[in-house]
Amino acid sequence: MENLAGADTVRQVMTGNEVITASSKPAKVAVWVQGAMERLDRLVDAETRNRIMNRCGVNCAAAHQEVIRLAKNRRTKAGNLEAFLTEEERNPPAGTRLQRQGEVWFQYYAPHDYSRPMRCFCSLMSGLPEGQTVSATFCQCSVGFVRAYWEALLDQPVEVELVQSAVTGAEECKFRISAMPEETTSPGMR
C-alpha cells in the first residue's frame, strides 16, 4: 500500500489496527476492516485502491496454494480443460458454482450456503454482522484471488470483474472471467 499510496495514507488507513490480535473475535476484525476500507475509499482514488486490494488478493492466493493445488488436481484428473469445466459446473466445490456463457465464465461464491455459513469466505470479513455491508473496494482483493486462481489453472492471463458481492449486500458473490485479448498479452505471459 505504501508504494502505491504513501506512508501517510497507510498510517491513516491502518488507524486502530493495534486492537486486532490473533485472538480477536471475527466480528471485531470485520468491523475494523470495514472502517479501514472506508478510510481507504476516502483517501485514495478508485484505480489505486483497486490495485492495492488486487495485490492483496494475489498475495492471499500465494498464501493459500492448497485451494489452487486441489483445483489443478481436479483439472489433471479430468483430462482436459473442457472436461474439467464441465465437471466444475456439474459438481462444484462446496459454496461455489461455475456458469459458462460462451467464452465468458461466471464464478459464484455463496458463503451462506457453505458447510459452515458465513458472510464471506475471507477470514477478515467472515464475521461481518448480518445487515452490515462493506465497500466493494474490499472485494477487489477477491478479484485478485480469482484472477490468480484461474490463471494458474489455465496457464494464461484472464480478466476478472466483480459483478456482485455478498458483503456489499448481494446474496452471493459473482465474478465475470474472460481470457485476455491476444493483443494485450505478450508471448512470455502464455
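Relative contact order, percent, of the chain when contacts are C-alpha pairs under 8 Å separated by at least 6 residues?
Computed over the chain, the figure is 24 percent.
Each residue of region 110-121 in turn: what ³J(HN,Hα) in whole Hz from Karplus with 6.51, -1.76, 1.60 and θ = phi - 60°, glycine and Pro shown as x?
10, x, 5, 8, 5, 4, 10, x, 8, 7, 7, 5
Roughly how many debye, to the nearest 20, is the charge dipole of the chain about its Cα centre, given +1 on each Lys and Arg Cβ, -1 on each Asp and Glu Cβ, and no other charges? Could you put the intermediate results ahead of the total?
Details: 22 positive and 23 negative charges, 116 e Å.
That gives a dipole near 560 debye.
Going through region 92-162, which chymotrypsin sites (Phe, Trp or Tyr not before Pro) have at most 16 other Cβ atoms within 10 Å and a DSSP loop state?
Y114
Compute the acute angle (0 to 90°) between the alpha-carbon long axis of helix 65-78 and the principal axis of greatest extent of the alpha-carbon atoms of the chain; round to the nearest 10°.
The angle comes out near 10 degrees.
Please find, in a Gaussian network model of the chain (springs between Cα atoms separated by less than 10 Å), the residue of G79, G127, G35 whose mean-square fluctuation is greatest.
The residue that fluctuates most here is G79.
Could you work out which residue, out of E87, E172, E103, moves most in a Gaussian network model of the chain, that is, has the largest mean-square fluctuation with Cα springs under 10 Å?
Its mean-square fluctuation being the largest, the pick is E103.
Give the angle, between 0 and 90 degrees and rounded to the nearest 10, that separates the Cα long axis of helix 46-63 from the longest principal axis of the Cα atoms of the chain.
The angle comes out at about 70 degrees.
Using the Cβ atoms and a cut-off under 14 Å, what net charge is assigned to the surroundings of V58, where Lys and Arg are +1 and Asp and Glu are -1?
+2
Along the charge dipole of the chain, which of V163, A61, S24 sits closest to the positive end, that is, farthest toward it, with unit charges on the beta carbon of Lys, Arg, Asp and Glu (+1, +1, -1, -1)?
S24
Normalised by the residues of region 77-190, what does the relative contact order come to in percent, with Cα pairs under 8 Å and at least six apart?
The normalised contact order for region 77-190 reaches 23 percent.
Using just the helices of the chain, give the 222 nm mean residue ellipticity in deg cm²/dmol: DSSP H runs with n ≥ 4 each add -39,500 (n - 2.57), and the total is spread over all residues, rounded to 500.
One gets -15000 deg cm²/dmol as the mean residue ellipticity at 222 nm.
Every read-out reported here was derived from the displayed coordinates using simple, explicitly stated rules and does not represent laboratory data. All figures in this text were calculated on a predicted structure; none of them were measured in a lab. When we count neighbours, we look across all protein chains shown, and the Cβ atoms used for this are built from the backbone with ideal geometry, even at glycine.
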